[in-house]
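A.B. asks: First the structure, then my questions, so here it is.
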Amino acid sequence: MKTLNFFGQWVAGSIRIVLTGNKLYYAWVAFLMACTAIGLWAYTNQLSEGLITTSLRDQVSWGFYIGNFTFLVGVAAAAVTLVVPAYLYNWKPIKEIVVYGELLAVAAITMCALFVMVDIGHPERFWHLIPGPGILNVPSSMLAWDVIALNGYLVLNFVITTYLLFRLFQRKEPNKRIFMPLVWLSIPAAIAIHTVTAFLYAGLISRPYWNSAILAPRFIVSAFCSGPAVMLVLMQILQRFSKFKIRKEAMWKISELMAYFMGFNLFLLGAEVFKEYYSDTHHVTHMHYMFTGVEGHDTLVPWMWFAVGCSFAAFFLFLRRKSRQNIVLMNIGCLLIFMGVYIEKSMGMVIPGMTPDTLGEIYEYVPSINELLVALGIVGFGGLMFTFMVKIATPILDGEFYYKEREAKKKD
Amino acid sequence: MTKSVSRRDFLCSLGGCAAAATAVGCDNITHSKFFRSRFKELGEEELERILKELSTENQERFSNAEAQVSATGAQPGVEFGYALDLSRCTGCRRCVHACVDENNQGREEEIHWIRVLEMEEKHGIDFHHADPYYSPETVPEDGKFYLPVACQQCRNAPCVKSCPVGATWQEDDGIVVVDYDWCIGCRCCMAACPYGARRFNWAEPEIPAEDLNPNMHYLGNRPRPKGVVEKCTFCIQKTRKGEYPACVEICPVGSRKFGNMLDPDSEIRYVLENKKVFVLKAELNTRPRFYYFYG
């Protein structure tokens, strides 16, 4: 009964917090809502016309949606780069901010789920995936495993953050016996979501560009570059506009980790490039398509070189202690990493895998406007979700928003 | 039977789903479609009812009283095999169009189950130098040969493996089929297929009423909705009744051979035993039931 009381006040208080803010906050929320609305409108076009509103065709049957999905799985998995130092090493500067990483994971996974939903031809048949009424084709289908891994990770992070915040709201520490096992579990779960997502591609014998044993390690390592880059920038923005504080040491530690991961990421890319170019089998065509173009088809080429350039520049920037500990250079580095990894991992991963197609045809895929608008809607919705979650979490962590005995009594 | 009924009951009790279905404004047929079980789990009576429903639906939609949807099962002792004589094929593409006429593909976006690739003789079978859009005045052209590709009906099918909901599977006679009412349209199977054999209905497939082939099969050529995957079924509606697939019937040079591989007297067995046959992309271990040979 008492818990119910706590919960009631928590929910009511949270709603109040979400609804109040300064002009800038309202403008931001209105902007995100507008993005979401545009996306919804574009999606209704797609629902009534079919996926013909996208630029996807039989030759390139996955594209912008699935690319974004892949990138965002990485962002979600990267929460683990905060969870490990925070809980495994009990390092205070990161422990203070770890919740934000987990909240970002919740928002990112939600966006992932939405990107998959908009990509499928019959979203209303989603229940076919639910074991019982439908069937989940495990162990053979990698997408089926991905559904399990992603939903598991979403639930896990949602429960971890909600439980922690709810306890703090009651001015209690979380019960370690409940809390810590969940946190431990979230570490392999983070690795699992990105591994399974990589296996979704790597398991396809039809696509030599994806059918590589190092795809999963590449996914994970690049996620540990781009995820923290997103987090670092978001946290500085938060610091600017709220009472949230992130210590310099935390930022420096995260950027140091990013330097190592980026180095490893480039090494793995190099290994892949060597294998393809030196062997010089038909399989190299996909890399040709990325880096030089094939028979005049070179839409991706400038993007890919730009991405590789960004990643190298960021690596050297972060490798040097002085430059990664310079706030301006660090932010430039984050931006470079974001662009580098985003291009390499979304369009740069999905499109060359399908171009040329399995019978050698080249269809140059460029997302349609409607496709871009649907994606904008999803990102807007994810942003809205993250904004609200952060808006509620910050005063709880600051100790400003907590259960008040009197307020509850008044209501009685 | 009991299983599928309880399944529907379960789903109906999901208020959300029912509400969603109502919100989209569905009549009885869409309602029955939304809650329809996977083909493999339909009970006999339920299948009968659905087949009747589908037949009536198509009779009305295409004003064709002959429209019938059947679900003839695999015949015992039958495993289909296909062989194509590359030295005879002239690249006329009559098979491509006969297939469309037979299998009720959408006409507007021109879904073709067979893709004929023009290849250079000097390169041999090399997909990277193939042209599916060749259009000379007359075929065959000097120095070229033609490689028609459709579903290879693999024994070790990567598409079947990849489907998250089990909407595509291999029947006992070897035909890989798709349940259009169960497919969620995620296109994993298309990504998985090494032969580019699967087609997606990117838009609502339009078939002019006079073009409908009224002899239809549940797992074959009945009209598909948008947003699902389809592919060659060896003309399941014909071959399970002992007829040849449309592409075999139309081929003017007799390059296409089809039959029951378990029947020692069949033509396909003769080809397999007396010709040097090969399969496409053998290194992928998909083990196709579709063979090629030089006659």
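The values are calculated or read from the model by the stated rules, or taken from the named source; none is laboratory data. Given the structure is predicted, the values throughout are model-derived calculations rather than measurements. Here the Cβ is made from the backbone with ideal geometry for all residues, glycine too, and neighbour counts use every protein chain on show.
A.B. asks: Quick check, is B:Y218 surrounded by fewer than 24 Cβ atoms within 10 Å (Cβ to Cβ) and in contact (Cβ under 8 Å) with a residue 24 or more places away in the chain?
C.D. replies: Details: surrounded by fewer than 24 Cβ atoms within 10 Å (Cβ to Cβ): yes; in contact (Cβ under 8 Å) with a residue 24 or more places away in the chain: yes.
It is true that B:Y218 is surrounded by fewer than 24 Cβ atoms within 10 Å (Cβ to Cβ) and in contact (Cβ under 8 Å) with a residue 24 or more places away in the chain.
A.B. asks: Here's another thing I want to ask about it. Within the range A:108-126, identify whether any single residue is facing chain B (nearest Cβ under 10 Å), of a type in the set (D, E, K, R) and free of Cβ contacts under 8 Å to residues at least 12 places away in the same chain, and answer yes or no.
C.D. replies: yes
A.B. asks: So A:M180 ticks every box in (1) in a helix (DSSP H, G or I); (2) under 21 Å from B:C186 (Cα atoms) but one. Which box is left unticked?
C.D. replies: Of everything listed in (1) in a helix (DSSP H, G or I); (2) under 21 Å from B:C186 (Cα atoms), A:M180 misses just condition (2).
A.B. asks: Could you tell me which numbered condition A:V138 fails, if it satisfies all but one of (1) within 14 Å of another protein chain (Cβ to nearest Cβ); (2) part of a loop (DSSP other than H, G, I, E, B); (3) surrounded by 17 or more Cβ atoms within 10 Å (Cβ to Cβ)?
C.D. replies: (3) is the only condition that A:V138 fails.
A.B. asks: May I ask you to say which residue of A:G63, A:G50, A:G39, A:G67 is touching a residue at least 12 places away in the same chain (Cβ under 8 Å), within 30 Å of B:C189 (Cα to Cα), away from chain B (no Cβ under 14 Å) and not charged (D, E, K, R)?
C.D. replies: Values: A:G63 fails: away from chain B (no Cβ under 14 Å); A:G50 fails: away from chain B (no Cβ under 14 Å); A:G67 fails: away from chain B (no Cβ under 14 Å).
After ruling out the rest, the residue left standing is A:G39.
A.B. asks: Quick one: which of B:N221, B:N274 is away from chain A (no Cβ under 14 Å), over 18 Å from the mean Cα position of the chain (by Cα) and among the polar types (S, T, N, Q)?
C.D. replies: Residue meeting the stated conditions: B:N274.
A.B. asks: Can you list the helices (runs of 4 or more DSSP H) found entirely within the range A:64-130 that contain at least 1 residues being out of contact with any Ser or Thr (no Cβ under 9 Å at 6 or more places or on another chain), polar (S, T, N, Q) and closer than 17 Å to A:S226 by Cβ? Break it down into steps so the answer makes sense when it comes.
C.D. replies: Values: elements: A:64-77, A:80-83, A:92-95, A:98-119.
Helices (runs of 4 or more DSSP H) meeting the threshold: A:80-83.
A.B. asks: For the range A:142-160, state whether one or more residues are within 12 Å of chain B (Cβ to nearest Cβ), closer than 14 Å to B:A167 by Cβ and crowded, with 17+ Cβ neighbours inside 10 Å.
C.D. replies: Checking the range A:142-160: at least one residue is within 12 Å of chain B (Cβ to nearest Cβ), closer than 14 Å to B:A167 by Cβ and crowded, with 17+ Cβ neighbours inside 10 Å.
A.B. asks: Here are B:I111, B:I125: which of them is in a loop (DSSP other than H, G, I, E, B), within 14 Å of chain A (Cβ to nearest Cβ) and surrounded by fewer than 18 Cβ atoms within 10 Å (Cβ to Cβ)?
C.D. replies: Numbers: B:I111 fails: surrounded by fewer than 18 Cβ atoms within 10 Å (Cβ to Cβ).
Selected residue: B:I125, the only one of B:I111, B:I125 that is in a loop (DSSP other than H, G, I, E, B), within 14 Å of chain A (Cβ to nearest Cβ) and surrounded by fewer than 18 Cβ atoms within 10 Å (Cβ to Cβ).
A.B. asks: Kindly evaluate A:R57 against the criterion of being basic (K, R) and buried (at least 19 other Cβ atoms within 10 Å of the Cβ).
C.D. replies: Details: basic (K, R): yes; buried (at least 19 other Cβ atoms within 10 Å of the Cβ): no.
No, not satisfied.
A.B. asks: Is the range B:115-133 home to any residue that is at pLDDT 95 or above and under 17 Å from the mean Cα position of the chain (by Cα)?
C.D. replies: yes
A.B. asks: Another question about this same structure. Yes or no: B:K52 at pLDDT below 95, closer than 27 Å to A:H128 by Cβ, exposed (fewer than 15 other Cβ atoms within 10 Å of the Cβ) and out of contact with any helix residue (DSSP H, G or I) (no Cβ under 7 Å at 6 or more places or on another chain)? Quick ask: steps written out before the conclusion?
C.D. replies: Details: at pLDDT below 95: no; closer than 27 Å to A:H128 by Cβ: yes; exposed (fewer than 15 other Cβ atoms within 10 Å of the Cβ): yes; out of contact with any helix residue (DSSP H, G or I) (no Cβ under 7 Å at 6 or more places or on another chain): yes.
It is false that B:K52 is at pLDDT below 95, closer than 27 Å to A:H128 by Cβ, exposed (fewer than 15 other Cβ atoms within 10 Å of the Cβ) and out of contact with any helix residue (DSSP H, G or I) (no Cβ under 7 Å at 6 or more places or on another chain).
A.B. asks: Give me the helices (runs of 4 or more DSSP H) completely within the range B:157-255, filtered to those with at least 2 residues that are over 19 Å from B:C95 (Cβ atoms), ordered by residue number. If you could, list the steps in order and put the result at the bottom.
C.D. replies: Details: elements: B:158-162, B:188-192, B:236-239, B:246-250.
Output list reads B:158-162, B:188-192.
A.B. asks: Would it be correct to say that B:V116 is among the β-branched types (V, I, T), over 26 Å from B:E45 (Cα atoms), touching a Lys or Arg at 6+ places or on another chain (Cβ under 6 Å) and part of a strand (DSSP E or B)?
C.D. replies: yes
A.B. asks: Continuing with the same structure: Starting from residues that are within 9 Å of chain A (Cβ to nearest Cβ) and surrounded by 23 or more Cβ atoms within 10 Å (Cβ to Cβ), keep the ones in the range B:162-180 and report whichever is nearest to A:D357 (Cα to Cα).
C.D. replies: Here is the first cut: in the range B:162-180, the residues within 9 Å of chain A (Cβ to nearest Cβ) are B:162-167.
Cutting the leftovers down to surrounded by 23 or more Cβ atoms within 10 Å (Cβ to Cβ) gives us B:162-165, B:167.
Working: B:S162: 18, B:C163: 20, B:P164: 22, B:V165: 25, B:A167: 24 Å.
Within the range B:162-180, the match that is nearest to A:D357 (Cα to Cα) is B:S162.
A.B. asks: Could you please let me know if B:R93 is farther than 12 Å from B:F234 by Cα and at pLDDT 95 or above? Write out each step before concluding.
C.D. replies: Working: farther than 12 Å from B:F234 by Cα: yes; at pLDDT 95 or above: yes.
Answer is yes for this residue.
A.B. asks: Across the range A:82-99, what is the number of residues that are in contact (Cβ under 8 Å) with a residue 24 or more places away in the chain and touching a Leu at 6+ places or on another chain (Cβ under 6 Å)?
C.D. replies: So the count comes out to 1.
A.B. asks: Only one of B:E110, B:E79, B:E41, B:E102 is modelled with pLDDT of 95 or more, of a type in the set (D, E) and in contact with a helix residue (DSSP H, G or I) (Cβ under 9 Å, 6 or more places away or on another chain). Can you tell me which? Don't jump to the end; show me each part of the working.
C.D. replies: On the way: B:E110 fails: modelled with pLDDT of 95 or more; B:E79 fails: in contact with a helix residue (DSSP H, G or I) (Cβ under 9 Å, 6 or more places away or on another chain); B:E41 fails: modelled with pLDDT of 95 or more.
Exactly one of B:E110, B:E79, B:E41, B:E102 is modelled with pLDDT of 95 or more, of a type in the set (D, E) and in contact with a helix residue (DSSP H, G or I) (Cβ under 9 Å, 6 or more places away or on another chain), namely B:E102.
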